[in-house]
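Structure record follows, encoded as structure tokens.
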Amino acid sequence: MAGSKGKQQTARDMILSLALIGIAAAVVYFLSIPHDDHAPELKRVDYKVELLTARRAVSYPVAAPEGLPSTWKATSVRFQGEQEDRWHLGFQTPDGQYVQVEQSAQKPSRFIDEASQGASATKRTDRIGDRTWTRYTGGRYDALVLQDTPGSTTVVAGTASFADLTKMAAALKMQ
């Protein structure tokens, strides 16, 4: 009988050890998971050099905002001369939404579809400044599209509201 008591203690000790290891592993696992629910802070980019490059390189007037409040943060800029002189400028709005300005000499229908993430034209137009913009709505982005710019199409699109898209379109200066 003395032998069976020793085997019971060994089995019990092994089960307790495994339980303690499991608890320790669970604690380490949950402590190593980040608990920050906020999106990472996006860096502000300076787009002046790319804007000057684009304005020198293309045949159409390149759009960039002037007079936006500093709470609008430029977060991305690209000029792709090899892709139908495509210009991109992305912003984060004060409430954390995204607005982009896209221009290209590419075929308008294909370019609008790409820049607006597949949004569809509505029958509504907005007069912003001295230009008429067509509203597009979509699942991911909404957009304002300007097709009367000589040699290019301009799209202001993003996750932001039409009010913010309109603010961006109103701030655009084309040179």
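The values are calculated or read from the model by the stated rules, or taken from the named source; none is laboratory data. Note that the structure is a prediction, hence the values are computed from the model and not measured. No Cβ is skipped: glycine too gets one built from the backbone with ideal geometry, and neighbour counts run over all protein chains shown. We work out accessible area using only protein heavy atoms, side chains counted, and drop any ligands, DNA or RNA first. Shrake-Rupley method; radii C 1.70, N 1.55, O 1.52, S 1.80 Å.
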Lys107 fails exactly one of (1) free of Cβ contacts under 8 Å to residues at least 24 places away in the same chain; (2) surrounded by 12 or more Cβ atoms within 10 Å (Cβ to Cβ); (3) of a type outside the set (A, V, I, L, M), namely (2)
Filter pass, Ala74 being loosely packed, with under 14 Cβ neighbours inside 10 Å, touching an Asp or Glu at 6+ places or on another chain (Cβ under 9 Å) and hydrophobic (A, V, I, L, M, F, W, C) | no
Please go through the stretch 50-76 and pick out each residue that is more than 17 Å from Met168 (Cα to Cα) and more than 22 Å from the chain's Cα centre (by Cα).
-> Leu52, Thr53, Arg55, Arg56, Ala57, Val58, Ser59, Tyr60
Residue identified as in contact (Cβ under 8 Å) with a residue 24 or more places away in the chain, open to solvent by 50 Å² or more (accessible area, probe 1.4 Å) and under 18 Å from Ala169 (Cβ atoms) among Tyr98, Tyr47 | Tyr98
Out of all the residues in the stretch 52-68, which are out of contact with any helix residue (DSSP H, G or I) (no Cβ under 9 Å at 6 or more places or on another chain) and surrounded by fewer than 16 Cβ atoms within 10 Å (Cβ to Cβ)?
-> Leu52, Thr53, Arg56, Ala57, Ser59
The correct count of residues that are in contact with a Lys or Arg (Cβ under 6 Å, 6 or more places away or on another chain) and surrounded by 14 or more Cβ atoms within 10 Å (Cβ to Cβ) in the stretch 116-141 is 2
Qualifying position, being closer than 18 Å to Met174 by Cα, open to solvent by 10 Å² or more (accessible area, probe 1.4 Å), of a type in the set (Phe, Trp, Tyr) and touching a residue at least 24 places away in the same chain (Cβ under 8 Å), among Phe79, Phe162 = Phe79
Output for the stretch 141-172, where each listed residue is charged (D, E, K, R) and modelled with pLDDT under 95 = Asp148
Restricting the stretch 1-44 to residues that are at pLDDT 85 or above and in a loop (DSSP other than H, G, I, E, B), the residue that is least open to solvent (accessible area, probe 1.4 Å) = Arg44
Residue hits (the stretch 126-161; in contact with a strand residue (DSSP E or B) (Cβ under 6 Å, 6 or more places away or on another chain) and not in a strand (DSSP E or B)) are Tyr141, Gln147, Ser152, Thr159, Ala160
Picking from Gly90, Gly81, Gly158, Gly138, which residue would you name as being at positive phi and not acidic (Asp, Glu)?
-> Gly158
Assess whether Asp113 counts as being modelled with pLDDT of 95 or more, surrounded by fewer than 18 Cβ atoms within 10 Å (Cβ to Cβ), of a type outside the set (Phe, Trp, Tyr) and in a helix (DSSP H, G or I).
-> yes
How about the stretch 82-94: which of its residues are surrounded by fewer than 15 Cβ atoms within 10 Å (Cβ to Cβ) and farther than 15 Å from Arg44 by Cα?
-> Glu82, Gln83
